[in-house]
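Student: Handing you this structure, nothing more for now.
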Amino acid sequence: MNKAEVDNYCDSLPSLDIQVPADDIDISMVLRPVEPVDGVPQYWPFYEADNPEELFGNMDFHFGGRGGKVKIKLTLDLSSVPGRDIEFALSTSRKLDGILALSPDFKHQFKTTAQRINGRYTELSIVVKDKEHIPDNFSFLWLCETVGEGMHFVSGDPRIIIIPD
């Protein structure tokens, strides 16, 4: 899928819509890599850990002036790619592991850190916090890699939204 196809596909799926309380909220999500079809990368299903039937295309975080932060534990489910050694890529700054930011002010409210599970970076710890109480539109791709085979870019969220009020 090219970026336009990914955007259109993600727009056709429900958004993960989070009303952020004043206290922190913890969410467990799963990203399931799938093999390309005829050399064309496919959308990797993104869903809540306890509800694999409902896929999400975008994420909207509503802070409503309450403060708080969202903590997402994102796990790679490699069941659809048996034998593939895929893990989240590490960033040079260690604040944006596992993603490729496409919008310029991305990291002032969004932090990602890859966690090693059984020797591989297959868990991503994501923290979203409304530091500046201004709306933000982010765009990023998940950034994963396989040892010896190079990078795999897939849609993470073409249109993540942080809404302060």
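Student: Roll a 1.4 Å probe over the protein heavy atoms and report the accessible area of Thr75 in Å², nearest 10.
Tutor: Number for this one is 50 Å².
Student: With +1 on each Lys and Arg Cβ and -1 on each Asp and Glu Cβ, and nothing else charged, work out how big the dipole of region 1-122 is about its Cα centre, in Debye to the nearest 20. Walk me through the intermediate numbers first.
Tutor: Details: 13 positive and 19 negative charges, 150 e Å.
With Lys and Arg at +1 and Asp and Glu at -1, about 720 debye.
Student: Divide by every residue of the chain the summed helix terms, -39500 (n - 2.57) for each DSSP H run of at least 4, and state the resulting mean residue ellipticity at 222 nm, rounded to the nearest 500 deg cm²/dmol.
Tutor: Working: 1 runs with 10 residues, N = 165.
Computed mean residue ellipticity for the chain: -2000 deg cm²/dmol.
Student: Also, I was wondering about something else. Hey, rough spin-label estimate for Leu90 and Ser15, points 7 angstrom out along Cα→Cβ, what's it come to in nanometres?
Tutor: Going by the 7 Å Cα→Cβ label model, 3.5 nm.
Student: Not counting the cut sites, what is the longest span of the chain without GluC sites (Glu not before Pro) that DSSP labels loop and that have at most 12 other Cβ atoms within 10 Å? Provide the component values of the computation, followed by the final result.
Tutor: Numbers: sites that count: Glu132, Glu149.
With a cap of 12 other Cβ atoms within 10 Å, the longest stretch comes to 1-131.
Student: If you average the sequence gap of Cα pairs under 8 Å that are 6 or more apart and divide by the length of the chain, what percent do you get for the contact order? Before the final figure, lay out the partial values.
Tutor: On the way: 394 pairs, mean separation 40.7, N = 165.
Relative contact order, the chain: 25 percent.
Student: Another one. Could you give the nm distance between label points at Val37 and Glu5, where each point is 7 Å from its Cα heading toward the beta carbon?
Tutor: 0.9
Student: While we're looking at this one, here's another question. Leaving ligands and nucleic acids out of the surface, order Asp38, Asp11 by accessible area at 1.4 Å, largest first.
Tutor: Values: Asp38 150, Asp11 85 Å².
Largest to smallest exposure gives the sequence Asp38, Asp11.
Student: Ok, one more. Working with all protein chains in place, sort Val127, Val30, Val37 by solvent-accessible area computed with a 1.4 Å probe, largest first.
Tutor: Values: Val127 40, Val30 20, Val37 80 Å².
Final ranking, largest accessible area leading: Val37, Val127, Val30.
Student: If you don't mind, another one. So for Arg116, Arg84, Arg66, what's the accessible-area order with a 1.4 Å probe, most first? Mind dumping the intermediate values first?
Tutor: Details: Arg116 145, Arg84 55, Arg66 105 Å².
Most to least solvent-accessible, the answer reads Arg116, Arg66, Arg84.
Student: For Glu48 paired with Ser80, estimate the spin-label separation in nm (one decimal), with each label point 7 Å from Cα along the Cα-to-Cβ line.
Tutor: Going from the Glu48 label point to the Ser80 one covers 2.0 nm.
The values are calculated or read from the model by the stated rules, or taken from the named source; none is laboratory data. All values reported here derive from a predicted model rather than from experimental measurement. Glycine gets a Cβ as well: all are built from the backbone with ideal geometry, and neighbour counts include every protein chain shown. Each accessible area value is taken on the protein alone, full model and side chains, heavy atoms only, with ligands, DNA and RNA left out. Shrake-Rupley method; radii C 1.70, N 1.55, O 1.52, S 1.80 Å.
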